[in-house]
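Peer 1: Got a structure for you, questions after.
The values are calculated or read from the model by the stated rules, or taken from the named source; none is laboratory data. Computed from a predicted structure; not experimentally measured. Each accessible area value is taken on the protein alone, full model and side chains, heavy atoms only, with ligands, DNA and RNA left out. Shrake-Rupley method; radii C 1.70, N 1.55, O 1.52, S 1.80 Å.
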Amino acid sequence: MRAALTTEGDMLTLSLEDDGLGFDPAAQGRNALGLLSMSERAREIGAEFSLDSAPGAGTWLRLRAPLL
């Protein structure tokens, strides 16, 4: 697992990456309440939420938020 927390200008970026089993985000459907919740919470604070994962290819997550 790799984690990074950086700032650039007035933005804070949190990146998390692993080389685990991964999953197909599109196939999660109604069972992906955690992903939906993270996305909604990011939007509420004016942040961008990105997630990329594929079976057998690990998962990459990024949250980019304005510094207050």
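Peer 1: Could you calculate the contour length gain from Glu48 to Asp19, that is, 0.36 nm times the residue separation minus the distance between their Cα atoms, to one decimal place in nm? Show your work: numbers first, answer last.
Peer 2: On the way: separation 29, 0.36 × 29 = 10.44 nm, distance 2.26 nm.
Value of the extension gain: 8.2 nm.
Peer 1: Moving to a separate point now. Quick one: angle between helix 33-44 and the longest Cα principal axis of the chain, in degrees between 0 and 90, rounded to 10, please.
Peer 2: Relative to the chain, helix 33-44 is tipped by roughly 20 degrees.
Peer 1: Moving on to the next point. Of all the accessible heavy-atom surface of the chain, with the other protein chains kept in place and a 1.4 Å probe, what percent is carbon and sulfur?
Peer 2: 54 percent
Peer 1: By accessible area of protein heavy atoms, probe 1.4 Å, what ranking do Asp52, Asp19 get, highest first? Walk me through the numbers before you get to the answer.
Peer 2: On the way: Asp52 95, Asp19 120 Å².
Greatest to least solvent exposure: Asp19, Asp52.
Peer 1: Send over a whole-number figure in Å² for the accessible area per residue of the chain, probe 1.4 Å. Kindly include the intermediate steps, with their values, before the conclusion.
Peer 2: Working: 5010 Å² over 68 residues.
That works out to 74 Å² for each residue.
Peer 1: In 5 Å bins starting at 0, how do the alpha-carbon pair distances of the chain split up by percent?
Peer 2: Histogram of Cα-Cα distances, whole percents per bin: 4, 16, 23, 23, 18, 10, 4, 0.
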